[in-house]
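Data block below; observations after.
The values are calculated or read from the model by the stated rules, or taken from the named source; none is laboratory data. This structure is a prediction, so every number in the text was calculated from the model and none was measured. Backbone-built Cβ (ideal geometry, glycine too); neighbour counts: all protein chains shown. Keep in mind that these areas ignore ligands, DNA and RNA; they rest on the heavy atoms of the full protein, side chains included. Shrake-Rupley method; radii C 1.70, N 1.55, O 1.52, S 1.80 Å.
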Amino acid sequence: MGPIKRFICFAVIFENIHLGLTERSVSQNDESGYCLKLENRVSALGNVMKNLQDEKIITEKKMDYIRQEIITSKSQYEGKFNILEMEIKTTKEQLSNAKDIVTKLENYMQLNGFKIDEIEDISGLGVAEDTTEKVKRMLLPSTSTSSVAFSASLINHQENLSVYQKIRFDYVITNVGSGYNPVTGVFKATVPGLYFFTVVIMSHATEDIETQIVKNGIQIVNTYSGDSTTWNQGSQSVVLQLTAGDNVYIQIQNNKGVNDGNIRIFGQSWSSFSGFLIANTQ
């Protein structure tokens, strides 16, 4: 028996004597019995403490796992929130560009003989006469107008592009008049007239890219997409006067300060090219 356990045994025996037990009850045999019981209790308490220690380690591991899950979830939601902020910003920019284009289009049509009339809103919603809004409507020439419109998006990511290379928007959403060719990425006007075109290009995360709307090989307007931390969309729109046979497409701009290395465009319908005939001038 170790000295510590023996000391504890003597302490128990002394306590029993103090409580009025006879000397016979503290004989050598009784001492051994008390010590054996005490050793069993100490052993049992040791096992309980070991189990508690093991449970403590397991609980700490579970807490570490939960902390890591919280950190990961927070990072994922912050990333989604940043993407939503980017989409809202891009939408606001597109709306602002659209307003500018409408203003320019009105000016253009007025200069080219189109009439813009103002009519009252007579929707019957009980609006007071002094607050009735004036709604502008364009009175187009009476010449016959053929329907021409297309919209196509990029499903597959475009990789390893080169300057001046045409971008082939491979998924056709609308192609009234069959003017757009998804194999070449080129829209060919079959009807002379006034056309509206718009393009949206998304860059890969932390990358940037410059593209341009091209008419018959001539650069018309440029588009920039880029961000140092995440994905980004750049958009551009233009109104063009086309004759039958004119080509319009999107190509990589010749700016090696931006378009270097693996020039690529993000797909999954985040990038698109659209256009339609505003008025037939035939």
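Details
- For the criterion of being surrounded by 10 or more Cβ atoms within 10 Å (Cβ to Cβ), β-branched (Val, Ile, Thr), under 30 Å from residue 202 (Cα atoms) and at pLDDT 80 or above, residue 90 passes.
- Filter result for residue 55 (in a helix (DSSP H, G or I), at pLDDT below 85 and open to solvent by 70 Å² or more (accessible area, probe 1.4 Å)): no
- Scan of the range 186-198 for residues that are at pLDDT below 95 and under 26 Å from the mean Cα position of the chain (by Cα), ordered by number: none
- Figure legend. Inter-residue proximity from the range 235-250: first residues closer than 24 Å to residue 103 by Cα, second residues among the basic types (Lys, Arg) and modelled with pLDDT under 95, beta-carbon distance below 8 Å, spacing 6+ or different chains. Indicated pairs: 239/104.
- If only residues of the range 216-232 that are part of a strand (DSSP E or B) and surrounded by fewer than 19 Cβ atoms within 10 Å (Cβ to Cβ) are counted, the one that is modelled with the lowest pLDDT is 226.
- Of all residues in the range 168-186, those that are in a strand (DSSP E or B) and within 19 Å of residue 245 (Cβ to Cβ) total 5.
- Residue match in the range 252-269 (condition: modelled with pLDDT of 90 or more, surrounded by fewer than 19 Cβ atoms within 10 Å (Cβ to Cβ) and not β-branched (Val, Ile, Thr)): no
- Test for residue 66: is it at pLDDT 80 or above, part of a helix (DSSP H, G or I), open to solvent by less than 70 Å² (accessible area, probe 1.4 Å) and of a type outside the set (Gly, Ala, Ser): no
- One residue stands out among those in the range 199-215 that are among the aliphatic types (A, V, I, L, M) and assigned to a strand (DSSP E or B): the one that is modelled with the lowest pLDDT, which is 209.
- Residue tally, condition modelled with pLDDT under 85 and either farther than 21 Å from residue 198 by Cβ or not polar (S, T, N, Q) (or both), over the range 132-158: 13
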